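In what follows, a structure is listed as structure tokens, so that the remarks can point back to it.
We did not get these values from a lab; they are worked out from the coordinates using the rules stated. Keep in mind it's a predicted model, so treat the numbers as computed, not measured. Heads up, the Cβs are rebuilt from the backbone with ideal geometry, glycines too, and the neighbour counts pull from every protein chain shown.
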Ligand code: SF4
């Protein structure tokens with residue numbers, strides 16, 4: 001008897017829904033580079049879940065590109081590489097791709113295939129998912145997925161599974177990189193920490209998968225070794241929200257990265273600049289770029305928690321990190337309460353001359369599961385429409401000082417201004433200077 005087939009569907013994580021920005025924004029060099037890097041990241045969550053699937057199942061992986069017609073994607077799922085219809089299809093989707101996943105699920109379910117959704121969006125808004133999927137998984141998939149499969153196989157399937165937060169990253173299985181076939185992605189991903197101990201109002205990382213946990217050093221090393229056996233000197237993107245926020249000793253993890261010759265990218269708050277020894281270990285271990293949430297030069301968000309600080313202090317931290325040989329990708333958010341055309345003009349003036357080697361500029365977006373979402377919902381400021389607009393580039397709430405259309409237009413102009421080729425090429429020169437300082441004798445290897 002042939003095995004039942006499980007098809008895992010990774011929904012594209014980055015979509016830019018606003019046509020005006022699509023026309024202009026993605027053609028702009030800095031934005032296009034980061035968009036391309038994000039779209040090529042392998043689906044770590046699904047590859048990890050795949051490692052928990054018993055051998056009594058066949059598995060296929062399908063990567064949705066976010067643009068192919070949903071009917072075509074549904075047909076690809078139903079026929080698959082092996083021309084066998086799956087018994088179950090499991091989707092992993094972030095908020096902007098959740099409605100597209102729902103449409104594909106509805107087409108697939110018509111053929112008596114069971115559909116499952118998990119991930120941050122399903123965890124935050126199970127009620128949004130329930131009408132469109134047979135099973136909704138909330139929380140860490142590692143602690144529920146094997147049970148889900150055995151219930152299904154035994155005819156006892158339930159319509160929801162919820163992890164209790166007790167999963168230890170020490171029990172993480174090795175992701176099934178083999179499911180990528182011969183394809184070697186430009187960057188591999190490892191999660192060294194899940195969640196964040198802080199509580200910024202616009203961020204779901206600290207709340208949805210509580211508590212914040214770290215991966216033991218030996219598991220990190222095992223995953224990195226598996227990646228290095230596929231690709232020498234790999235590019236690694238740590239799939240963390242705030243890598244250095246825990247009190248762990250980061251030395252062994254950084255030593256693993258150095259020993260495997262990795263070049264890597266992660267996200268951290270600015271306070272690593274206060275730890276010169278750690279900073280120099282980070283640089284020596286191959287770290288090339290850190291995304292640092294600076295958020296705004298105009299506002300101090302009330303919910304910025306422990307990373308909240310005087311703007312000048314954060315800029316000094318940028319200098320210290322870059323002096324250590326690591327490019328800072330300064331992450332800024334536009335459109336919080338109090339934002340005006342004038343404040344955005346001032347942000348544009350700053351970003352044209354800013355010291356960071358790279359920047360990320362997005363609209364404040366109230367993702368479900370955040371306190372920002374709850375407060376805008378309560379005050380009836382969320383604009384009507386589905387979650388496909390929650391792209392980080394589309395206004396989805398009523399701003400307090402402008403119309404939504406005005407904020408959108410001002411944001412589009414700001415993106416056009418700070419990512420235009422001559423401004424990007426200034427940032428490229430900063431990156432080049434940092435790269436060459438890294439190569440200087442006596443500074444670091
Ligand atoms: S510090 Fe960063 S990861 Fe942590 S809650 Fe704030 S925005 Fe999220």
Determine the gain in length on full extension of the stretch residue 375-residue 182; use 0.36 nm per residue of separation and subtract their C-alpha separation, reporting nm with one decimal. 64.8 nm
Hey, what did the chain get for relative contact order, percent, Cα under 8 Å, at least 6 apart? 15
Residues of region 236-252 with the amide nitrogen closer than 13 Å to a label point 7 Å from the Cα of residue 40, along Cα-to-Cβ, please. 236-237
What FRET efficiency comes out for residue 382 versus residue 310 if R0 is 22 angstrom and r is the Cβ-Cβ distance? Round to the nearest 0.05. 0.10
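Per-residue ellipticity at 222 nm for the chain, helices alone: DSSP H runs ≥ 4 residues times -39500 (n - 2.57), over residue total, nearest 500 deg cm²/dmol? Could the numbers behind the result be given before it?
Details: 16 runs with 167 residues, N = 445.
After summing the helix terms and dividing by the residues of the chain, the value is -11000 deg cm²/dmol.
Rounded to the nearest 0.05, what FRET efficiency do residue 400 and residue 174 have when you use their Cβ-Cβ distance and R0 = 35 Å?
Step by step, r from the Cβ atoms, then E = 0.15.
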Using 0.36 nm times the number of residues separating residue 84 and residue 55, minus their current alpha carbon distance, what extension gain do you get? 8.7 nm
If I take the Cα coordinates of the chain and project them onto the principal axes, what are the three extents in Å, biggest first? 65, 53, 36
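Given a Förster distance of 25 Å, report the FRET efficiency between residue 350 and residue 275 from their Cβ-Cβ distance, rounded to the nearest 0.05.
Numbers: r = 26 Å, r/R0 = 1.06.
It comes to 0.40.
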Which peptide among 425-433, 116-124 comes first, and what is the full order, when sorted by highest mean count of other Cβ atoms within 10 Å? 116-124, 425-433
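Considering only DSSP beta bridges whose two residues both sit in region 187-439, what percent are antiparallel, to the nearest 5? Mind showing how you got there, number by number?
Values: 3 of 26 bridges.
Bridges in region 187-439 that DSSP calls antiparallel: roughly 10 percent.
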Would you give the gap between the C-alpha center of region 255-295 and the C-alpha center of region 147-209, rounded to a whole Å? 24
Mean Cβ neighbour count within 10 Å, used as a protection proxy, ranking 266-277, 93-104, 376-387 highest first: 93-104, 266-277, 376-387
Relative contact order of region 275-420, defined on C-alpha pairs under 8 angstrom at six or more residues apart (%): 23
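Which length gain, in nm to one decimal place, applies between residue 409 and residue 75 when the Cα-Cα distance is subtracted from 0.36 nm times their residue separation?
116.4 nm
List the relative contact order of region 187-439 as a percent without decimals, with contacts defined as Cα pairs under 8 Å and 6+ residues apart. Before the final figure, lay out the partial values.
Working: 409 pairs, mean separation 43.4, N = 253.
Relative contact order for region 187-439 comes out at 17 percent.
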Using only Cα atoms, tell me the angle between helix 311-323 and the longest principal axis of the chain; keep it within 0 to 90° and round to the nearest 10. 80
Roughly what angle does helix 341-353 make with the longest principal axis of the chain, taking Cα atoms, 0 to 90 degrees, to the nearest 10? 80
Kirkwood hydrodynamic radius of region 187-439 from all distinct Cα pairs, in Å? 19.3
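Please sort 406-415, 360-369 by packing, taking for each peptide the average over its residues of neighbouring beta carbons within 10 angstrom, highest first.
Details: 406-415: 19.3, 360-369: 20.9.
Averaged packing, sorted descending, gives the order 360-369, 406-415.
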Just for the chain, what percent of DSSP beta bridges are antiparallel, to the closest 5? 5
What is the helix-to-structure angle for 421-439, meaning the angle in degrees between its Cα long axis and the longest Cα principal axis of the chain, kept from 0 to 90 and rounded to the nearest 10? 90
